[in-house]
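Trainee: I have a structure here, written as structure tokens, and I will follow up with some questions on it.
The values are calculated or read from the model by the stated rules, or taken from the named source; none is laboratory data. These numbers were taken from a predicted model, which means no experiment stands behind them. Here the Cβ is made from the backbone with ideal geometry for all residues, glycine too, and neighbour counts use every protein chain on show.
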Amino acid sequence: MNIILLGPPGAGKGTQARRLVAERGMIQLSTGDMLRAARKSGSEMGRRVAEVMDRGDLVTDEIVIGLIEERLKDDHGAGFIFDGFPRTLAQADALGELLARLGQKLACVIEMQVDDEALVARIVARSTCAQCGEGYNDIAKPIPADGKCEKCGGTQFIRRADDNEESLKQRLMEYYKKTSPLIGYYYCKGKLCPVDGLADIDEVAASIAALLDQKAG
């Protein structure tokens, strides 16, 4: 079962993707991770990626689709989670054509709906464990009272430099200009499945699980 997680920066796509990987054995496809891995691989595609990045240019959609195709041809177990891709209508078309060519399909597009003001407030309050990357939030999931990460026991926590109101509003504007048209695109294809992205993490996970179980059934 292949799915897309769609929503603005900070909506919780990464958190839910990690849960799906742990609980369902799905494979998370993050374009950023794939580009970094390709650059280190020494493959022909990796050399192309390195050349583009070394020039300071943006990696083309063609290269990204090529990387995704390589992964889709591998054993995909319980399916793939597309996290952060597609971002544009052109990328959505290219992904659809690739899946069709490989005899695969998209089960659903989970839109994590949020209120912008609440989202900004939540993101400004988030931090991660410097040791294991476990996420925390001053509002929804504060750092434990003993100052230790509940996952690894680490005591150092960091905040992203761009997790401030001004940067977030710029990132949201970029999302609405380029990526939000995908909502209508996938709605017309009958693939869009909205969930409340600002609900408790466990509630969001339960909503997504129910959707996937329904699609599987």
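Trainee: Take segment 30-49 and flag every residue that is of a type in the set (G, A, S) and without any contact (Cβ under 8 Å) to a residue 12 or more places away in the chain.
Mentor: If the condition is that a residue be of a type in the set (G, A, S) and without any contact (Cβ under 8 Å) to a residue 12 or more places away in the chain, then A37, S41, G42, S43, G46 are the ones that fit.
Trainee: In segment 157-181, how many residues are over 17 Å from the mean Cα position of the chain (by Cα), within 13 Å of G10 (Cα to Cα), among the charged types (D, E, K, R) and part of a helix (DSSP H, G or I)?
Mentor: Residues in segment 157-181 being over 17 Å from the mean Cα position of the chain (by Cα), within 13 Å of G10 (Cα to Cα), among the charged types (D, E, K, R) and part of a helix (DSSP H, G or I): 2 in total.
Trainee: What residue, among those in segment 170-197 that are charged (D, E, K, R) and in contact (Cβ under 8 Å) with a residue 24 or more places away in the chain, is nearest to R87 (Cα to Cα)?
Mentor: Ranking the qualifying residues of segment 170-197, first place goes to K178.
Trainee: Ok, one more. Which residue out of D74, D57 is over 18 Å from the mean Cα position of the chain (by Cα) and either touching a residue at least 60 places away in the same chain (Cβ under 8 Å) or within 20 Å of V21 (Cα to Cα) (or both)?
Mentor: Of the residues listed, the single one that is over 18 Å from the mean Cα position of the chain (by Cα) and either touching a residue at least 60 places away in the same chain (Cβ under 8 Å) or within 20 Å of V21 (Cα to Cα) (or both) is D74.
Trainee: Filter segment 139-156 down to the residues that are within 22 Å of the chain's Cα centre (by Cα) and surrounded by 13 or more Cβ atoms within 10 Å (Cβ to Cβ), then identify the one that is modelled with the highest pLDDT.
Mentor: Among those residues, the one meeting the criterion is K141.
Trainee: Is it fair to say G184 is surrounded by fewer than 13 Cβ atoms within 10 Å (Cβ to Cβ), out of contact with any Asp or Glu (no Cβ under 9 Å at 6 or more places or on another chain), in a loop (DSSP other than H, G, I, E, B) and not aliphatic (A, V, I, L, M)?
Mentor: no
Trainee: Do we find that Q113 is of a type in the set (S, T, N, Q), surrounded by 18 or more Cβ atoms within 10 Å (Cβ to Cβ) and in contact (Cβ under 8 Å) with a residue 24 or more places away in the chain in this structure?
Mentor: So Q113 fails the test.
Trainee: When segment 44-81 is examined, which residues are found to be closer than 26 Å to R24 by Cα, acidic (D, E) and part of a helix (DSSP H, G or I)?
Mentor: E69, E70 - these are the residues of segment 44-81 that are closer than 26 Å to R24 by Cα, acidic (D, E) and part of a helix (DSSP H, G or I).
Trainee: Right, something else. Please enumerate the residues belonging to segment 33-83 that are surrounded by fewer than 18 Cβ atoms within 10 Å (Cβ to Cβ), charged (D, E, K, R) and farther than 21 Å from K105 by Cβ.
Mentor: Correct list: D33, R36, K40, E44, R47, E51, D54, R55, D57, E62.
Trainee: Could we say that R71 is farther than 28 Å from D213 by Cα and modelled with pLDDT under 90 here?
Mentor: Considered against the rule, which asks whether it is farther than 28 Å from D213 by Cα and modelled with pLDDT under 90, R71 comes out as no.
Trainee: Now, a different point. Pick from S167, S207: which is among the small types (G, A, S) and touching a residue at least 12 places away in the same chain (Cβ under 8 Å)?
Mentor: Only one candidate qualifies: S207.
Trainee: Need the failing condition index for V109 against (1) among the β-branched types (V, I, T); (2) in a helix (DSSP H, G or I); (3) in contact with a strand residue (DSSP E or B) (Cβ under 7 Å, 6 or more places away or on another chain), just the number.
Mentor: Single failed check for V109: (2).
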